[in-house]
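Enquirer: If you scroll down you'll find the structure; I have some questions about it.
The values are calculated or read from the model by the stated rules, or taken from the named source; none is laboratory data. Just so we're clear, the structure is a prediction, and the values are computed from it rather than from any experiment. We place every Cβ from the backbone using ideal geometry, glycine too, and count neighbours over all the protein chains shown. With ligands, DNA and RNA removed, areas are computed over all heavy atoms of the protein, side chains included. Shrake-Rupley method; radii C 1.70, N 1.55, O 1.52, S 1.80 Å.
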Amino acid sequence: MTVFTSAYFTMTEQEAIEYAKTRLNYFAPDAELDCREIGDGNLNYVFRLTDHKHKKSLIIKQAGPVARISDEFKLSPDRNRIEYEILDLQNKLASGFVPQVFNYDPVMNCTAMEDLSDYTIMRTALMQHEKFPLFADHISTFLVNTLLLTSDVVMGHKEKKELVKKFINPELCEISEDLVFTEPFYDCVRNEVFEGTREFAKKEIWEDPKLQLETAKLKFEFMTNSQSLLHGDLHTGSIFVKEDSTKIIDPEFAFYGPAGYDVGNVIANLIFAYVNAKYTITEDEARTDQLGYLENTIEDIIDLFQTKFLQAWDEKATEQTASYEGFKEYYLDTILRDTAAVTGLELCRRIIGLASVKDVTSIEDKTRRAAAEMICLAAGKLFIMDRKSFKTGADFVRTLKDCEKRF
Ligand code: SR1
Ligand code: MG
């Protein structure tokens, strides 16, 4: 019999079944279990266990000692604790928007959680050109509840500092510091640049010292501004969707950082879906329709986020200075500025850096892929450089549309 209580090892599918039977109180004793490893992310192993007899299923997510994308990244499996603890907290702050967690095992570094197999990963669904009209409403609520309610505006400052300590996440933060803020902005050997885009990246990104200076400022903001408890990797591969429901998964990059980091990641990844639709939908009406849906979604997320944020501030702020005239507008303005900057950083890093996105890499025609990538880079640069000028959802969409006209 395999022992799961003394030393950590990465499980096989068969061992995951044995683990569930002996360590979890989830399936019935006569359950007929099968298991498949379904992880397609860059870091972890995800086992889906199904009991065919009682029609029950469960996910066991296990952190490996190195990243799946490259064993250059040696990572403490403690990220699994962070993921369990933040999901537990987000279940309280933004109930219904994250999977239920059942158990965390600090020896095997794995978490048992709700199986969401009736949902689709949003990146996949958007690449199939599906629409989710409730998404802007759902994600704006999730963002306001998780970001404002974990900030010093709402939480007691000592209590908040305890959370800052609990969610110190140096290794995964280092990945973001390198892959998001640093490597894409010089000709780093680890970058993976599509040939058709290289010349543009060189001229517009790597040879622009003004842009580099802004990315340095943003990197230091990211490392030092402990504003809110972030998800930390809120791209469309970390979101499960179905028509009437949205679930946010994979918060292992969580830590206390600038609130705009999460909002900007969502917006940038909708822009990847936008360029995918622009260059892969051949039928005019269907293309216009999908692009319109994505424009409206981007605009609505920013505008709904602002409305809900101000309302939640009025209802939930406990900090004495929060009621000073003009302070909440000033504070929200800084989040919008950071949102624009991170939209730009994410747009650039997914095109030039190590971790690309399928929305773009799956565009088969080389000329079209290069055009899609150059739109992302041109817009990315403007979002970073002009970040102080973004005040409404329409401002975000306008920048995208202006860049679209250039290619
Ligand atoms: C080494 S991990 C590469 C990327 O995958 C994760 O999902 C994060 O986005 C990270 O930057
Ligand atoms: Mg992930």
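Enquirer: Taking the Cα centre of segment 13-113 as the origin, how large is its charge dipole in debye, to the nearest 20, when only Lys and Arg (+1) and Asp and Glu (-1) carry charge on their Cβ atoms?
Expert: In debye, rounded to 20, segment 13-113 gives about 280.
Enquirer: Give the relative contact order (percent, whole number) for segment 107-248; include only Cα pairs under 8 Å separated by 6+ residues.
Expert: 48
Enquirer: Now a separate question. How large is ³J(HN,Hα), in whole Hz, for each residue of segment 348-357 in order, when computed from phi with the Karplus curve 6.51 cos²θ - 1.76 cosθ + 1.60 and θ = phi - 60°, using x for Gly and Pro?
Expert: 6, 6, 6, 8, 9, x, 6, 9, 7, 10
Enquirer: So, one more: Defining a contact as two alpha carbons under 8 Å apart and six or more residues distant in sequence, what relative contact order in percent does segment 13-113 show? If you can, show how the numbers build up before the last one.
Expert: Details: 167 pairs, mean separation 19.6, N = 101.
Averaging sequence separation for qualifying contacts and normalising by length gives 19 percent for segment 13-113.
Enquirer: Next up: Could you give the accessible area per residue of the chain, probe 1.4 Å, as a whole number in Å²?
Expert: Value for the chain: 43 Å² per residue.
Enquirer: Which of the trypsin sites (Lys or Arg not before Pro) across segment 330-407 are loop residues per DSSP, with 12 or fewer other Cβ within 10 Å?
Expert: K405, R406
Enquirer: Same structure, new question: Is it possible to state the helix-based mean residue ellipticity at 222 nm for the chain, with each DSSP H run of 4+ residues giving -39500 (n - 2.57), the sum divided by total residues, to the nearest 500 deg cm²/dmol? What is it?
Expert: The helix-only estimate for the chain comes to -16000 deg cm²/dmol at 222 nm.
Enquirer: Per residue of segment 213-226, what does 6.51 cos²θ - 1.76 cosθ + 1.60 with θ = phi - 60° give for ³J(HN,Hα)? Whole Hz please, x for Gly and Pro, Karplus curve as stated.
Expert: 3J(HN,Hα) across segment 213-226, in whole Hz: 4, 5, 5, 5, 4, 5, 4, 6, 4, 4, 7, 10, 9, 7.
Enquirer: Here is a follow-up. Would you please calculate the Kirkwood hydrodynamic radius of segment 13-113 over all C-alpha pairs and express it in Å, rounded to one decimal?
Expert: 14.3
Enquirer: When the accessible area of the chain is split by element with a 1.4 Å probe, what percent falls to carbon and sulfur?
Expert: 50
Enquirer: A follow-up question, please. Sequence gap at least 6, Cα distance under 8 Å: using those rules, report the relative contact order of the chain to the nearest whole percent.
Expert: 16
Enquirer: At 4 °C and 1.567 mPa s, grab the translational diffusion coefficient of segment 194-244 from Stokes-Einstein with a Kirkwood Rh over Cα pairs, rounded to a whole number in µm² per second.
Expert: Once the numbers are plugged in, D ends up at 90 µm²/s.
Enquirer: Something else: Taking Cα atoms of the chain, Rg/Rh with Kirkwood Rh, to two decimals?
Expert: Radius of gyration relative to Kirkwood radius: 0.97.
Enquirer: To continue, here is another question. Can you work out the Karplus-derived ³J(HN,Hα) for every residue in segment 165-171? Use 6.51 cos²θ - 1.76 cosθ + 1.60 with θ = phi - 60°, whole Hz, and x for glycine or proline.
Expert: 5, 4, 9, 5, 9, x, 6
Enquirer: Give me the net charge of D333's neighbourhood, meaning all other residues with Cβ under 12 Å from the Cβ of D333; Lys, Arg count +1, Asp, Glu -1. Walk me through the numbers on the way to the answer.
Expert: Working: positive: K328, R337, R387, K388, K391; negative: E329, D338.
For residues surrounding D333, the net value is +3.
Enquirer: Enumerate the amide H contacts of L230 below 5 Å, restricted to partners 5 or more residues apart or on another chain; note that Pro and chain-start residues carry no placed amide H.
Expert: Counting only residues 5 or more places away or on other chains, the set is F255, Y256, G257.
Enquirer: Also: Take the alpha carbon atoms of segment 207-329, find their radius of gyration, then divide it by 2.2 N^0.38 Å using N residues; give the quotient.
Expert: Working: Rg = 17.9 Å, N = 123, 2.2 N^0.38 = 13.7 Å.
Relative to the rule-of-thumb radius for its length, segment 207-329 sits at 1.30.
Enquirer: Got a sec? What order do M1, M155 fall in by accessible area at 1.4 Å, biggest, i.e. largest, first?
Expert: M1, M155
Enquirer: Now a separate question. Taking the Cα centre of the chain as origin and charging only Cβ (+1 Lys, Arg; -1 Asp, Glu), how large is the dipole, in debye to the nearest 20?
Expert: With only Lys, Arg, Asp and Glu charged at Cβ, the dipole is about 440 debye.
Enquirer: Counting only protein chains, not ligands or nucleic acids, how are S70, S356 ordered by accessible area (probe 1.4 Å), most first?
Expert: If we order S70, S356 from most to least accessible, we get S356, S70.
Enquirer: From the protein chains alone at 1.4 Å, what is the descending order of accessible area for V3, V193, largest first?
Expert: The ranking, largest first, comes out as V3, V193.
Enquirer: Could you pull out every one of the lysines with an alpha carbon less than 16 Å from that of K53, ignoring same-chain neighbours closer than 8 positions?
Expert: K21
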